[in-house]
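This report concerns only the one structure given below.
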Amino acid sequence: MNETLKVQGMSCNHCVNSIEESVGNLTGVSAVKVNLSSSEVSVEFDSGQTTLDQIKETIEEQGYDIA
């Protein structure tokens, strides 16, 4: 499953690394790509192993807001 989320509060490479690492460590996530210029996070994951809500919660725990 592929989802693209609008994420507010990302401004630098630290933000990119923080989100890519935290979301990438979730079970079932196979790819995470952060695009700073468009404020988007694209996630490829197995919906049988993790949910979109878990991914959103993980991003929010890093201090960012889902638009």
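Put simply, the amide H of residue 28, placed in the peptide plane, has no neighbours under 5 Å, leaving out anything fewer than 5 places away on its chain.
What's the local net charge at residue 42, with K and R +1, D and E -1, over the other residues with C-beta under 9 Å away? Computed value for this residue: -2.
Checking every one of the GluC sites (Glu not before Pro) in segment 6-64 against DSSP loop status and a limit of 12 other Cβ atoms within 10 Å picks out no site at all.
Protein heavy-atom surface of the chain, 1.4 angstrom probe: 39% of the accessible area is carbon and sulfur, with nucleic acids and ligands not counted. Remark: the residue 67-residue 39 segment gains 9.1 nm on full extension, using 0.36 nm per residue and subtracting the alpha carbon distance. Here the relative contact order of the chain, from alpha carbon pairs under 8 Å that lie six or more residues apart, stands at 43 percent. Residues 37, 30, 22, 42, sorted by accessible area with the largest first, give 37, 30, 42, 22 [1.4 Å probe; ligands and nucleic acids excluded].
Give the accessible surface of the chain per residue, rounded to a whole number of Å², with probe radius 1.4 Å and ligands, DNA and RNA excluded. Intermediate results must be reported in sequence, preceding the final value.
Values: 3970 Å² over 67 residues.
Per residue, the chain has 59 Å² of solvent-accessible surface.
Residue 6 exposes around 100 Å² of accessible area when a 1.4 Å probe is run over every protein chain in place. Please work out which option in (1) 32, 19, 19; (2) 26, 23, 20; (3) 32, 23, 17 gives Cα extents along the principal axes in Å calculated from these coordinates, and answer with its label. The value matching this structure is (1). The heavy atoms of residue 36 offer some 60 square angstrom of accessible surface to a 1.4 angstrom probe.
Starting from the residue with the highest accessible area, list 1, 10 in decreasing order, probe 1.4 Å. Numbers along the way, then the final one.
Working: 1 120, 10 20 Å².
Output order, biggest surface exposure first: 1, 10.
The values are calculated or read from the model by the stated rules, or taken from the named source; none is laboratory data. Just so it is clear, the structure is predicted and the values come from calculations on it, not from any experiment. Every residue, glycine as well, gets a Cβ built from its backbone with ideal geometry; the counts of neighbours run over all protein chains shown. Just the protein is used for accessible areas: all its heavy atoms, side chains included, with ligands, DNA and RNA removed. Shrake-Rupley method; radii C 1.70, N 1.55, O 1.52, S 1.80 Å.
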